[in-house]
1. Which of the lysines could a cross-linker bridge to residue 216, judged by Cα under 26 Å and excluding same-chain residues fewer than eight apart?
2. For residue 135 and residue 197 in one chain, what is 0.36 nm times their gap in residues minus the Cα-Cα distance, to one decimal in nm?
3. Output the relative contact order of the range 201-293, whole-number percent, from Cα pairs under 8 angstrom with separation of 6+ residues.
4. Applying the Karplus parametrisation 6.51 cos²θ - 1.76 cosθ + 1.60 with θ = phi - 60° to the phi angles of the range 197-212, what ³J(HN,Hα) value in whole Hz is obtained for each residue in order, glycine and proline being reported as x?
5. Return the whole-Å distance between the Cα centroid of the range 167-204 and the Cα centroid of the range 227-261.
6. For the residue pair residue 285 and residue 53, what label-to-label distance in nm results when each label sits 7 Å from Cα along the Cα-to-beta-carbon direction?
7. Two decimals, Cα atoms only, Kirkwood Rh: what is Rg/Rh over the range 21-69?
8. With label points built 7 Å along Cα→Cβ from the Cα atoms of residue 61 and residue 98, find their separation and express it in nm.
Amino acid sequence: MKTPMIKAEDNFVALLGTKGGPSIRTGSTNPTSNLLVLNGQQIVVDCGLGVTRALVDQGMALKDISLVFITHMHSDHYLELGPMLHTAWTTGLKTPVLIYGPKGLEDYWDNFLRSMKADIELRIEDEGRINIADLISFKILDEGSIHEGENLSVAVMRNQHPPLIDTFALRFNTSANSVVFSGDTAYLPKLADFAKDADLLIHEAMLGEALDALFKRVGNTDDRLMKHWLQSHTMAADAGKIASMAGVKTLALNHLIPSDDPDFTHDHWRNAVKPSWAGKLYIGEDGLRISLD
Ligand SMILES: [Zn+2]
Ligand SMILES: [Zn+2]
């Protein structure tokens, strides 16, 4: 079936990549990326591996990319930012793109441009393209409120994802809808205030009972990875708690840890959330589209 192109009246969120962490294996889902469409305005939130293909598969024309948010500087959230923008450029991007991200993201972009210098110069010279560098601009994400366009405001809250400090949750509001992304974060009760009465909370989640098996499979040299998970991420039941305290309409779990263990199914995730959240629940899957109408 042919995917319809995104229309001006569309309001939805598509979870494009829903696994936590940067690794991919046979059968695994993709690292984090999301497409948020509000009154037809298309906003990319995080750019993990696979984002470019997934946007196209949602019916987005890459040349229409105009607004991108990167929540923090872990590779599973920005590894494909450069390739996405470059591919948009070779697909006809001619209009400015604004990127909000933490300090350091612009360095990544400058170095990406440097790494692709020969190709970019060749395409400007040989194909008559405008310079990609002139199209892309960056603004540093920080706590507070930022506004974009007539019917969109974006609020930014620092979350808790050590050892990183510049790591953020995002709230997108229009007159009709509000959507909150937790970003990567440990259980953080003040996120419930930030997400108060939102239509949709997209919260990261870990399945506690599955972590031992995952840790054994990864096979790192010591227990630092397990410590990172426990200090820097949120158990599914606690994500449910945030949703309940905030009184959101719908909760979607993403950045799933683990994401590819056949011993753990959606039922396990649902059972983990059940004690703390009785409302509408989605368990993240790549390509899952959640309507906001
Ligand atoms: Zn992550
Ligand atoms: Zn992270």
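1. Partners found: 19, 227.
2. Separation in residues times 0.36 nm, less the Cα-Cα distance, equals 18.7 nm.
3. 39 percent.
4. Result, rounded to whole Hz: 6, 5, 6, 9, 10, 9, 10, 5, 7, 10, 9, x, 5, 9, 6, 4.
5. 12
6. 1.8
7. Rg divided by Rh gives 1.00.
8. Distance between the two pseudo-spin positions: 2.1 nm.
The values are calculated or read from the model by the stated rules, or taken from the named source; none is laboratory data. Keep in mind the model is a prediction, meaning the values are calculated, not measured. With ideal geometry, Cβ positions are generated from the backbone for all residues, glycine too; neighbour counts draw on all protein chains shown. We work out accessible area using only protein heavy atoms, side chains counted, and drop any ligands, DNA or RNA first. Shrake-Rupley method; radii C 1.70, N 1.55, O 1.52, S 1.80 Å.
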